[in-house]
Amino acid sequence: MFKEIKSVGVYCGARSGNNPFWNKMAFQVGEAIAVRNRTLVYGGGKVGLMGQLANGARTGNGKIIGVIPTFLNTVEIKDTNITELIEVSNMGERKIILEEKSDAFLILPGGIGTLDEFSEMVTGYQLNMHCKPTYILNELNFYDGLIQQLKTYLQEGFLDEASYQCLKVFPKLEDFVRFMDA
């Protein structure tokens, strides 16, 4: 059903959050993607979890594509030490390019922006705009509430079964790594 995954679009916070665990995890995700010869596609910033994600991919000598709106260059601080940095004019363009350049999507902890990007990917799948899987890394049960809400959407008929099955939840990073290795 899904094509081979050569690039992973990762959505996560431009903030670090309150728990140092998130930074370590984001770094490990970037490294895991890179050492498995997959391209990391992300928001192009070098702060918060985004920055740690890119640092991890650099450690793994991976290909990194960042997409950042020009107005965020000084907020998310564009990362110029990556394989390819694409500057766009707005968030809509960013999401389009991230979708085009990714074979699958992974969400890590983040805020409303991360939730928006996740929702757009699931919506795109439901509307047959793409056929790319979406993964949720649910370390420390961060996304339990979201996962329950998705189940409610399914039960109440607001999310179709195929779109729900497109989602895969990984409770731990090791589970995602094993999945990539399979």
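The values are calculated or read from the model by the stated rules, or taken from the named source; none is laboratory data. On a predicted model such as this, the values are computed, not experimentally measured, just so you know. Note: ideal-geometry Cβ built from the backbone for every residue, glycine included; neighbour counts use all protein chains shown. For the accessible areas, the whole protein counts, side chains as well, though only heavy atoms, and no ligand, DNA or RNA atoms are used. Shrake-Rupley method; radii C 1.70, N 1.55, O 1.52, S 1.80 Å.
Here are a few things to note about the model shown:
- Straight Cα distances below 20 angstrom link Lys172 to the aspartates and glutamates Glu31, Glu139, Asp144, Asp181, with same-chain residues fewer than 8 positions distant left out.
- Counting protein heavy atoms only, the range 87-135 has 56 percent of its accessible area on carbon and sulfur, 1.4 angstrom probe.
- Environment charge of Asn23, counting only residues whose C-beta is closer than 14 Å and scoring Lys/Arg +1, Asp/Glu -1: +1
- Pairs over the 30 Å Cα-Cα cut-off, from the set Lys46/Lys151; Lys6/Lys95; Lys63/Lys151: Lys46/Lys151; Lys63/Lys151.
- Spacing of the two label points (7 Å from each Cα toward its C-beta) at Asp116 and His130, in nm: 1.7
- In this label model, Asn73 and Asp175 are separated by 4.1 nm, measuring between points 7 Å along each Cα→Cβ vector.
- At a probe radius of 1.4 angstrom, the accessible area of the chain per residue rounds to 49 square angstrom.
- Length-normalised contact order of the chain in % [C-alpha pairs under 8 Å, at least 6 apart]: 21
- Distant-in-sequence amide H partners of Val169 (H built 1.01 Å from N, under 5 Å): Ile136
- Where (i) 17.1, 58; (ii) 15.1, 43; (iii) 15.2, 46 are the candidate values, the label of the one calculated here for Rg and Dmax of the Cα atoms in Å is (iii).
- Taking the DSSP bridge list for the range 1-158 and keeping only pairs wholly inside it, about 5 percent are antiparallel.
- Approximate spin-label separation Tyr153-Thr80, in nm, with each point projected 7 Å along Cα-to-Cβ: 3.9
- Accessible surface for Asp181 stands near 100 Å², nearest 10, in the context of the full protein assembly shown (1.4 Å probe).
- For the range 1-46, applying the loop criterion from DSSP together with a ceiling of 11 other beta carbons within 10 Å to the chymotrypsin sites (Phe, Trp or Tyr not before Pro) yields Phe2.
- Per-q log10 I(q)/I(0), the range 1-60, q = 0.22 Å⁻¹ (Debye; single scatterer per alpha-carbon; no solvent): -0.76
- Loop-located GluC sites (Glu not before Pro) in the range 120-164 (DSSP state other than H, G, I, E, B) with a sparse environment of at most 10 neighbouring Cβ atoms within 10 Å: Glu156.
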